[in-house]
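Worksheet for the structure shown next.
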Amino acid sequence: MPRSEWERSPGPFTAADRVVRVDFCFGGEGWRQLLDLLVKASPELNHPCAPPSPENAAELAAAGRFVPCTPAERIIAAAEEQARLLLSARKADPKAVPGNPANYRAAIRRLVQALKPFVSGSIDAKTTEIADWGAIEAALIKRDAELTAIKRPTPYQRRELQHNCGLIADATKEHARSAGVELSEDTVLSFVHAAIYLADIELPDPKHHLDRLRKLVFG
């Protein structure tokens with residue numbers, strides 16, 4: 001990623017009411033593939049569990065979504081929702097600049113520059129009295145110095161993908177544990193990779209880059 005992308009001020013972001021939500025689903029074949037993966041790891045995941053709350057069931061029905069009745073189905077539904085959110089975020093305004101320390105420093109430097117006339121007393125006395133401009137400038141300069149010590153994050157889409165993969169992994173383990181099942185890390189990793197692959201989102205190939213995939217999913 002060009003250095004300039006890390007030195008622009010953050011934003012503007014697409015307004016929440018204008019973000020187009022992608023209507024993604026795994027489809028019948030995708031559901032079967034993920035269900036087979038989970039049931040092969042633990043048949044108990046395909047046993048009926050407590051039904052969802054009436055409010056949750058009504059919400060799913062209103063949205064035309066399948067109401068999950070087993071731990072495996074709940075795991076798949078959770079993964080489907082995360083894939084949907086990830087795809088929706090990627091369709092948002094591509095010009096939006098995500099926040100990161102370098103972006104914040106760029107915004108701070110611009111603000112410090114804009115404050116120069118206020119700090120130097122080049123404006124009228126009444127405006128000068130509105131705030132302690134010198135203290136504001138000093139606080140911004142201090143914060144700028146603090147941000148230089150923060151490690152530059154990975155590119156935004158990778159951080160976003162890592163976040164969603166982590167949520168899928170957490171939901172997989174949580175729903176499995178609700179059925180008294182402790183899934184192995186390898187099973188969770190295989191499930192996350194399969195779910196994201198079905199959403200046509202690129203992930204490290206586990207056959208050649210297993211360590212990279214493991215780091216992406218589990219941090």
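Only the coordinates and a few stated rules stand behind these numbers; no lab work does. Just so it is clear, the model here is predicted, and its values are computed rather than measured. Because the Cβ atoms are built from the backbone with ideal geometry, glycine has one as well, and the counts that use them run over all protein chains shown.
Points worth noting:
- Around Q82: net Lys/Arg minus Asp/Glu count, Cβ-Cβ under 12 Å: -3
- Scalar couplings 3J(HN,Hα) for the stretch 126-141, obtained by applying the Karplus form with A = 6.51, B = -1.76, C = 1.60 to θ = phi - 60°, are 5, 5, 4, 6, 4, 8, 8, 5, x, 5, 5, 4, 5, 5, 5, 5 Hz; x denotes Gly and Pro.
- Check: the stretch 101-148 dipole with +1 on Lys, Arg Cβ and -1 on Asp, Glu Cβ, in debye: 220 debye
- Packing-based order for 121-127, 181-187, using average beta carbon neighbours within 10 Å, highest first: 181-187, 121-127
- Taking other residues whose beta carbon is less than 15 angstrom from the beta carbon of H175, and scoring Lys, Arg as +1 and Asp, Glu as -1, yields -4.
- For E185, the shell of other residues with beta-carbons less than 11 Å away shows a net charge of 0, using +1 for Lys and Arg and -1 for Asp and Glu.
- Straight-distance candidates among the lysines for linking to K91, with alpha-carbon spacing under 26 Å and chain neighbours fewer than 8 residues away dropped: K215.
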